[in-house]
């Protein structure tokens with residue numbers, strides 16, 4: 001069954017925000033769109049309507065904040081109380097359940113949405129998802145029952161056994177590393193790699209991350225990501241949950257016919 005996935009490398013500012021749209025059909029995949037410099041209206045236009053837009057949309061940004069952090073802020077606001085270190089491990093104020101799960105499984109720690117600059121990106125993600133919800137589409141921060149899912153390209157690359165650290169930045173050496181990576185990804189996934197897509201990934205790590213996000217989104221859509229543990233489901237629905245692809249999923253992206261589309265518009 002044909003499928004369209006959209007990967008978004010979200011930033012707090014439009015100039016660093018990139019998106020990649022991939023159509024999957026008959027054992028191959030084609031990049032239909034690879035763009036950068038996207039403001040909110042442009043992103044919402046790419047999201048489209050749930051019945052006619054991309055089947056699954058992966059966004060590289062936290063979908064929520066650690067529950068313990070939210071509670072601590074609320075208590076501090078109301079009564080000046082702050083949890084003592086012996087009562088709440090300080091890492092639980094910094095990291096969500098999904099962040100700790102990724103750290104355990106991949107040995108890679110996501111940026112803290114409560115203590116790092118990525119909080120600004122998370123605020124933009126919250127604004128976008130709130131707009132989607134207000135327009136009548138269900139949004140589930142766990143990513144299981146809606147079109148939207150949280151992705152983390154670096155963790156996915158590491159899971160797939162590919163370089164995940166040294167490709168970001170400017171300069172010919174970084175561009176060469178991204179070029180090698182996108183060629184490896186195309187070979188494994190059946191992605192039809194055009195000169196335009198290849199040059200786009202060479203020139204911008206944001207565009208490259210958006211492409212990886214679209215691949216991870218495909219893995220989530222065909223149920224090739226690690227399941228959310230039962231004990232974490234309640235937190236995932238509020239804090240968000242990173243879709244972590246299985247290590248053997250890359251070669252299955254183009255050929256696996258399973259599709260998880262159980263969401264609907266309206267709330």
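Is it the case that residue 127 is closer than 17 Å to residue 65 by Cβ, in contact with a helix residue (DSSP H, G or I) (Cβ under 8 Å, 6 or more places away or on another chain), touching a residue at least 40 places away in the same chain (Cβ under 8 Å) and surrounded by fewer than 19 Cβ atoms within 10 Å (Cβ to Cβ)?
Considered against the rule, which asks whether it is closer than 17 Å to residue 65 by Cβ, in contact with a helix residue (DSSP H, G or I) (Cβ under 8 Å, 6 or more places away or on another chain), touching a residue at least 40 places away in the same chain (Cβ under 8 Å) and surrounded by fewer than 19 Cβ atoms within 10 Å (Cβ to Cβ), residue 127 comes out as yes.
Find all pairs meeting these conditions: Cβ atoms under 8 angstrom apart; at least six residues apart or on different chains; first residue within the stretch 94-106 and within 18 Å of residue 142 (Cα to Cα); second residue in a helix (DSSP H, G or I) and at pLDDT below 95.
Matching pairs, first to second residue: 100/91.
Would you please list the contacts, defined by Cβ atoms under 6 Å and residues six or more apart or on different chains, that run from a residue in the stretch 1-29 that is on the phi > 0 side of the Ramachandran plot and modelled with pLDDT of 95 or more to a residue that is in a strand (DSSP E or B) and crowded, with 24+ Cβ neighbours inside 10 Å?
Pairs found: none.
Quick one: in the stretch 78-124, of everything that is in contact with a strand residue (DSSP E or B) (Cβ under 9 Å, 6 or more places away or on another chain) and outside any loop (DSSP other than H, G, I, E, B), which residue is nearest to residue 162 (Cα to Cα)?
It comes out as 102.
Looking at the stretch 113-124 only, could you name the residues that are in contact with a helix residue (DSSP H, G or I) (Cβ under 8 Å, 6 or more places away or on another chain) and in contact (Cβ under 8 Å) with a residue 24 or more places away in the chain?
Those that are in contact with a helix residue (DSSP H, G or I) (Cβ under 8 Å, 6 or more places away or on another chain) and in contact (Cβ under 8 Å) with a residue 24 or more places away in the chain: 113, 114, 124.
So residue 232 ticks every box in (1) under 15 Å from the mean Cα position of the chain (by Cα); (2) in contact (Cβ under 8 Å) with a residue 60 or more places away in the chain but one. Which box is left unticked?
Failing condition for residue 232: (1).
Quick test for you: out of 149, 139, 197, pick the one residue that is assigned to a helix (DSSP H, G or I) and touching a strand residue (DSSP E or B) at 6+ places or on another chain (Cβ under 9 Å).
Of the residues listed, the single one that is assigned to a helix (DSSP H, G or I) and touching a strand residue (DSSP E or B) at 6+ places or on another chain (Cβ under 9 Å) is 197.
Does the stretch 59-77 contain at least one residue that is surrounded by fewer than 22 Cβ atoms within 10 Å (Cβ to Cβ) and over 26 Å from residue 237 (Cβ atoms)?
No - not one qualifying residue is present in the stretch 59-77.
Quickly run through the stretch 138-169 and pick out the residues that are over 19 Å from the mean Cα position of the chain (by Cα) and modelled with pLDDT of 95 or more.
Matches in the stretch 138-169: 169 only.
Looking only at the stretch 36-50, count every residue that is more than 15 Å from the chain's Cα centre (by Cα), closer than 27 Å to residue 252 by Cβ and in contact (Cβ under 8 Å) with a residue 40 or more places away in the chain and tell me the total.
The number of residues fulfilling the criteria is 2.
Looking at (1) surrounded by fewer than 13 Cβ atoms within 10 Å (Cβ to Cβ); (2) touching a strand residue (DSSP E or B) at 6+ places or on another chain (Cβ under 9 Å); (3) within 25 Å of residue 247 (Cα to Cα), which one does residue 49 not meet, given that it meets all the others?
Status for residue 49: all satisfied but (3).
The values are calculated or read from the model by the stated rules, or taken from the named source; none is laboratory data. Since the structure is predicted, the reported quantities are computational estimates derived from the model, not experimental observations. When we count neighbours, we look across all protein chains shown, and the Cβ atoms used for this are built from the backbone with ideal geometry, even at glycine.
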